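Below is one structure, written out as structure tokens; comments come after it.
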Amino acid sequence: MKLNRRTLSALLAGAPLLSLAQAGAETMTPPAALHIENIPAIPKDLAQRMAAYTEFRGHGFADWHPTKAEMLVSHRAAGASTAQLFRLDAAMGELKPVTQGPEPAGGGSYEPKAGRYIVFARSSGGNEVTQLYRQGFDGAAALQITHSDERNGFAGWRKPQGEIVYTSVPIDRTAQGGKRSQIITSFWAVDPEAKDSIQARRKLVELEGGGWGGSVSEDGKRMALSKYISANESQLWVMELEGEQAGKPVQLLPKPGSSEAKAVYFGSFLPDSRTLLVATDRFGEFRELTVLDAKTQELQRITAHIPWDISGGDVSADGRTLVLQANADGRDEMHWVDTRSWKELPLPKVAAGSVGSTRFHPSLPLLAYSVSSPKGPSQLYVLDDKGVSQPWSKAAVPAGIDTQAFADTEIVRWKSFDGLPISGLMNRPPAHFKGKRPVLISIHGGPEGQATVGFLSRWQYFVQELGLVLIQPNVRGSSGFGKSFLAMDNGFKREDSVRDIGALLDWIKTQPELDAERVVVVGGSYGGYMSLAVATHYSERIAGAIDVVGISHFVTFLNNTESYRRDLRRVEYGDERDPAMRAHLEKISPLSNAHRIKKPLFVIQGKNDPRVPYTEAEQIVAKVREQGTPVWYLRADNEGHGFAKKENSDYMQWAMLLFMQQTMLR
């Protein structure tokens, strides 16, 4: 039997594995690390048709060389499994490999005096026990400079002193769920070229809790410390690194003993190493940029005129120009500010799209920035002091795919059960798809994440080739829409965000071009919980649900998530040690309501996930199967909170297509 498009579609609509074999279909061999339950074999024809959509490869900016027009770039090379770091020393030049190995390389920072080597981060199998490495450019293997039994994070350089500063949190490898009686974050300084970096490191301070981060001043003499308490609250501290006051953090904001409302504060120093820039939502709904007056300790508002969150930015080496990113309805826009007058400057002509990162060169008049859009992956540009913007990289786009023909992302809005306006992003298929179109609802994680405008990469296959409409809702609790909206799903209000999806299903039913009878919901992390919750509340209104590394029971999740995260998550979801909250969490958890899941379920999980342990997946799989509902299960034993390796991601995407074929594409 010849497998043409028509016969393949018929087979995928519900044929068992035996039928595929009888039809003579060649199938894909799964990667060895995948554990597969109830998923039909993947026909090679299907994988081949999807292949091009797995080969979009953009570029991410990592760092500037300290003296040359050369940058460090994150990129997945053709045929590679993971993203690695490369040097790029000219516009549209050749990428020169720096890191290598089966695990992705993260971060990346040049040695700040002469750029003789880099420091980068890497973990193993998705376990997020991040280690820092020193990597030269002579082809030699990278050297680990941090302790293997600690989770480490790069905080910056003490540039004049030739040291890095990093954080560490001990990992208890013996206790179930990584439980510890007390979580301590330590800040260390060390010369990355020390013969024994563990013996040579110096402890700068030890702080209680797991939510600490920091940035180092240009002169290496002090740090701005941020203590993250929740998405709605943080503290700003400063600490001297030299002299009698070294290692003694002082809280700046909010002022100790202050009765002001909760707010977020994140700070970094200007190049003068004294003046602090502070991002805060203290004055209103959105996070704005302010300057802390060193004498009065008062905040001077800089971007009160921008009605969106300030999401990023950088300061020029001379301290005179500030480039900012503002998150305007899910699309990052660039703004320029003169730091002498603190007035906004005219925006130079830059490439169109959503800005991903911005970084001034430390010694040359250049600004690197990245841009992505619905029509293309992330690409790098450099803006010079004459206002000329030049592309430095070109994203890999497979032959035969015209991404410029992809439709722009639309913003759609609907009213929820209580009248609250909710918005989302929608991508439509090409016009040649006629009739009512099936809908894939993709829910972001966080829960304080946000669906943002950008390139959909492999998800474009479902839109361009299958004619699905993709909707990415920003339910209450999403960031980017003000701090009140951000807090609307906390604690006992958790299921209000699920009801926002119920309202979306109502809206879909009113749209003549959308098929309300063919809807699948998918989400990762907190979005995975949302998919499961939608499957329990609105089972009769969806065709199926896909849960990727999602929470199935809040109490077991809080008990088993890594200890350095537990208290931070309790602030968001509720403290299970409180009897009333525990009862509420028990009541609303999808595992407690598994009997209401009547439509097919696909669960995807990484075995080494420290955030949402794999047991969350396995308990919902077992419980839903007890009810007789079809459940597919895919677990990668070499992944964590999501799939980082291409071979695993490919297989997951193929299986998703099979699942959709059997649920909403019949």
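The values are calculated or read from the model by the stated rules, or taken from the named source; none is laboratory data. Keep in mind the model is a prediction, meaning the values are calculated, not measured. Note: ideal-geometry Cβ built from the backbone for every residue, glycine included; neighbour counts use all protein chains shown. To get the accessible areas, we keep the full protein, side chains included, count just its heavy atoms, and leave off ligands, DNA and RNA. Shrake-Rupley method; radii C 1.70, N 1.55, O 1.52, S 1.80 Å.
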*Can you tell me the Rg and the Dmax, both Å, for the Cα atoms in segment 428-522?*
14.6, 46
_List the residues, sorted by chain then number, that are 5 or more residues from Ile551 or on another chain and whose placed amide H is less than 5 Å from its amide H._
Gly528, Tyr529
*Binned at 5 Å from 0, what are the whole-percent values of the Cα-Cα distance distribution for segment 228-294, short to long?*
4, 16, 24, 26, 17, 9, 3, 1
*By per-residue mean of other Cβ atoms within 10 Å, what is the highest-first order of 139-147, 277-285, 343-351?*
277-285, 139-147, 343-351
*Report, to the nearest whole %, how much of the accessible area of segment 525-572 belongs to carbon and sulfur atoms, 1.4 Å probe, protein only.*
48
*Roughly speaking, what is the stretch gain from Ala246 to Val388, that is 0.36 nm per residue apart minus the C-alpha to C-alpha distance, in nm to one decimal?*
46.7 nm
*May I ask you to evaluate 6.51 cos²θ - 1.76 cosθ + 1.60, the Karplus curve with θ = phi - 60°, for each residue of segment 457-468 and list the ³J(HN,Hα) values in order in whole Hz, giving x for glycine and proline?*
6, 5, 5, 5, 4, 5, 7, 6, 9, 10, x, 7
_Among 229-237, 440-448, 512-520, 90-98, the order from most to least packed when residues are scored by Cβ within 10 Å on average_ = 440-448, 229-237, 512-520, 90-98
*asked:* Given points 7 Å out from each Cα along the Cα-Cβ axis, report the Ala41 to Leu345 separation in nanometres with one decimal.
replied: 6.3
*Equivalent ellipsoid semi-axes for the chain, as square roots of 5 times the alpha carbon gyration tensor eigenvalues: give them largest first, rounded to whole Å.*
40, 29, 26
_Label zone at Asp149 (point 7 Å along Cα-to-Cβ), backbone N below 20 Å, segment 553-592_ = 562-565
*Which shape class applies to segment 45-195: rounded if a/c is under 1.5, otherwise prolate when a/b exceeds b/c and oblate if not, where a ≥ b ≥ c are the square roots of the Cα gyration tensor eigenvalues?*
oblate
*So what's the back-of-envelope 222 nm ellipticity for the chain, counting only DSSP H runs of four-plus at -39500 (n - 2.57) apiece and dividing by all residues, rounded to 500?*
-5500 deg cm²/dmol
*When the convex hull of the Cα atoms of segment 317-447 is projected onto a plane and the area is averaged over all directions, what value comes out in nm²?*
12.4
*How high is the FRET efficiency from Asp89 to Glu206, r the C-beta distance, R0 41 Å, rounded to 0.05?*
0.50
*Among all the aspartates and glutamates, which ones have a C-alpha under 19 Å from Lys195's C-alpha, if same-chain residues fewer than 8 places away are not counted?*
Glu111, Asp138, Glu163
_Considering only C-alpha atoms, what is the centroid distance from segment 433-480 to segment 249-275, in Å?_
37
*Kirkwood hydrodynamic radius of segment 502-596, from inverse mean 1/r over distinct Cα pairs, in Å*: 14.4
*If you find the alpha carbon centre of segment 51-92 and of segment 517-581, how far apart are they in angstrom?*
35
*Find the relative contact order for the chain and round it to a whole percent, using C-alpha pairs within less than 8 Å whose residues are 6+ positions apart.*
12
*Please give the helix 494-510 orientation as an angle from the longest Cα principal axis of the chain, in degrees from 0 to 90, rounded to the nearest 10.*
50
*Just tell me which lysines come within less than 19 Å, Cα to Cα, of Lys68; anything on the same chain fewer than 8 places away is out.*
Lys96, Lys113, Lys159, Lys386
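Give me the accessible area per residue for segment 468-580, probe 1.4 Å, as a whole number in Å². Write down the numbers at each step before the final one.
Details: 3170 Å² over 113 residues.
Using a 1.4 Å probe on heavy atoms only, each residue of segment 468-580 averages 28 Å².
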_For segment 310-362: relative contact order, % (alpha-carbon pairs under 8 angstrom, 6 or more apart)_ = 36
*Given 0.36 nm per residue, what is the gain on full extension from Ala194 to Phe283 after removing their alpha carbon distance, in nm?*
27.5 nm
*Per-pair calculated FRET efficiency, R0 = 35 Å: Ala52 and Arg625 via Cβ, rounded to 0.05*: 0.50
*Quick one: helix 579-588 against the long Cα principal axis of the chain, what's the angle to the nearest 10°, folded into 0 to 90?*
40
*Skip the ligands, DNA and RNA, and give the accessible area per residue of segment 614-666 with a 1.4 Å probe, whole Å².*
32
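Report, to one decimal in Å, the Kirkwood hydrodynamic radius for segment 370-492 based on all distinct Cα pairs.
16.7
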*Would you kindly state how much longer the chain becomes between Ser363 and Asp318 on full extension, computed as 0.36 nm times their sequence separation minus their alpha carbon distance, in nm to one decimal?*
15.3 nm
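How big is the shadow of the Cα convex hull of segment 373-424, averaged over all directions, in nm²? Intermediate results must be reported in sequence, preceding the final value.
On the way: hull surface 25.9 nm².
About 6.5 nm², averaged over all directions.
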*May I ask you to give the percent of accessible area on segment 336-482 that is carbon plus sulfur, with a probe radius of 1.4 Å?*
53
*Under 5 Å, built H, 5+ apart or other chain: amide partners of Asp309*: Arg287, Asn327
_Partners for Lys645 among aspartates and glutamates (Cα-Cα distance below 17 Å; same-chain residues under 8 apart left out)_ = Glu55, Glu103, Glu128, Asp609, Asp637
*Quick one: accessible area per residue over segment 260-339, 1.4 Å probe, rounded to a whole number of Å²?*
43
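Once the Cβ-Cβ distance between His432 and Glu298 is put in as r, and R0 is 56 Å, what FRET efficiency do you end up with, to the nearest 0.05?
Numbers: r = 60 Å, r/R0 = 1.07.
The formula returns an efficiency of 0.40 here.
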*Which of the peptides 602-615, 40-53 is most tightly packed, and how do the rest follow, going by the mean number of other Cβ atoms within 10 Å of each residue?*
602-615, 40-53
*asked:* From zero outward in steps of 10 Å, how is the percent of C-alpha pairs of segment 529-666 spread across the bins?
replied: 13, 41, 34, 12, 1
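Can you give me the % of accessible surface on segment 16-127 that is carbon or sulfur? Probe 1.4 Å, all protein chains present, nothing else counted. Kindly include the intermediate steps, with their values, before the conclusion.
Values: 2470 of 4670 Å².
The C+S portion of the solvent-accessible surface of segment 16-127 is 53 percent.
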_Under 5 Å between amide hydrogens, which residues at least 5 positions from Arg158 or on another chain qualify, with H placed 1.01 Å from N in the peptide plane?_
Glu163, Ile164, Val165
*Nearest 10 degrees, 0 to 90: what angle lies between the long axis of helix 563-573 and the longest principal axis of the chain (Cα atoms)?*
70
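Filter the cross-link list Lys509/Lys623; Lys343/Lys483; Lys262/Lys493; Lys227/Lys493; Lys434/Lys646 down to pairs whose alpha-carbon distance in this structure exceeds 27 Å.
The answer is Lys509/Lys623; Lys434/Lys646.
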